[in-house]
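Nothing in this text is a laboratory measurement; each read-out follows from the coordinates by a stated rule. Everything numeric in this text was worked out from a predicted model, so none of it was measured. We place every Cβ from the backbone using ideal geometry, glycine too, and count neighbours over all the protein chains shown.
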Amino acid sequence: MMDCSIGAAMAVRPVERVLVIEDSRALVRSLQGALAETYPDVRACRSVGEAELAVADWWPDLVLLDVVLPDGGAHEVLDLLERRHPAPTVIAMSGAAAPAQSFLLATRGVRAYLDKPLRLDRLQAAIRRALEAAPDLLPVLRQTVGHKPLADVQTEVRAVMLDEALARSRGSRRGAARLLSMSRQLLQYLLRQH
């Protein structure tokens, strides 16, 4: 069986900018205080509309996202986050989400799900796991069989990984090659094919 995870030699994604999207003022204050000890730039908003304004000119590395917000919810925020690169790591939080909703969020790229009330130790562990471990691609790839030709899947995966690596490295081909564990020459070759 093929191992579809990124090896332990890959670097942990650095996090400097954190966006907390939560409608409870008290929880926002608590999260900002706790996160500010580790991350240099922690910002917060309390609605989908505020999140849209926040990401218009500032882009987070990590998003802590309440599933239910006064003017929408997690899916509307995820729609906003999908429009730009690099993709932030997203952790969802809720006191009322059903298992089906948690599953749908996972299919949208949410890396962890936490029940409220939050405990700081669980939040820290979820952040660490989300940043250190690559998502398990195996279930998605297995379900793709019979729906897409292998060549199309390879092309799509390659394009997404190249674009994301370039975005995370702010356009640096050397940085993108390092993120993808390949030579700069191979990266340049793949970009010409892209």
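Tell me the label only: which of [x] 15.9, 51; [y] 15.9, 47; [z] 17.6, 51 is Rg and Dmax of the Cα atoms in Å as calculated from this structure?
Computed from these coordinates, Rg and Dmax of the Cα atoms in Å corresponds to label [z].
State, to one decimal in nm, how far the label point of GLN32 lies from the label point of GLN193, with both points 7 Å from Cα in the Cβ direction.
Each label point lies 7 Å from its Cα, and together they span 4.8 nm.
Using a Förster distance of 35 Å, how high is the FRET efficiency between ARG43 and LEU138, based on the Cβ-Cβ distance and rounded to 0.05?
0.50
Please list 3J(HN,Hα) in residue order for region 71-83, calculated via the Karplus relation 6.51 cos²θ - 1.76 cosθ + 1.60 where θ = phi - 60°; whole Hz, with x for glycine and proline.
After applying 6.51 cos²θ - 1.76 cosθ + 1.60, I find 10, x, x, 4, 5, 5, 5, 4, 4, 4, 5, 6, 6 Hz.
Which one of ILE91, VAL160, VAL63 has its Cα pushed farthest toward the positive end of the charge dipole of the chain, where Lys and Arg give +1 and Asp and Glu give -1 at the Cβ?
Ranked along the dipole, the leading option is VAL160.
Counting other Cβ atoms within 10 Å of each Cβ, which GluC sites (Glu not before Pro) in region 75-138 have at most 15 and sit in a DSSP loop?
Here no GluC sites (Glu not before Pro) fit, given the DSSP loop and packing criteria.
Filter the trypsin sites (Lys or Arg not before Pro) in region 124-194 to those in DSSP coil with at most 11 other Cβ atoms within 10 Å of their Cβ, and list the result.
Taking region 124-194 and a limit of 11 other Cβ atoms within 10 Å, the loop trypsin sites (Lys or Arg not before Pro) found are ARG170.
Of all DSSP beta bridges located in the chain, what percent are antiparallel, nearest 5?
10 percent
Report, in debye and to the nearest 20, how large the dipole of the chain comes out about its Cα centre when Lys and Arg carry +1 and Asp and Glu carry -1 on their Cβ.
In total the dipole reaches around 680 debye.
Report, largest value first, the span of the C-alpha coordinates of region 18-112 along each principal axis, in whole Å.
Cα spread of region 18-112 along its principal axes, largest to smallest: 34, 29, 24 Å.
Quick check: residue separation of HIS75 and LEU53 times 0.36 nm, minus the Cα distance between them. What number comes out in nm?
Going from the current span to full extension adds 6.3 nm.
Normalising by the residue count of region 45-194, find the relative contact order in percent from Cα pairs under 8 Å and 6+ residues apart.
The value is 16 percent.
Determine the gain in length on full extension of the stretch ALA125-MET161; use 0.36 nm per residue of separation and subtract their C-alpha separation, reporting nm with one decimal.
10.4 nm
Residue by residue through region 126-139, which ³J(HN,Hα) values in whole Hz follow from phi under the Karplus form 6.51 cos²θ - 1.76 cosθ + 1.60 (θ = phi - 60°), with glycine and proline marked x?
Each residue's phi maps through the Karplus curve to give 5, 4, 4, 4, 5, 7, 8, 10, 6, x, 6, 7, 3, x Hz.
Angle between the Cα long axis of helix 184-193 and the longest principal axis of the chain, 0 to 90 degrees, nearest 10?
Helix 184-193 and the main axis of the chain meet at about 90 degrees.
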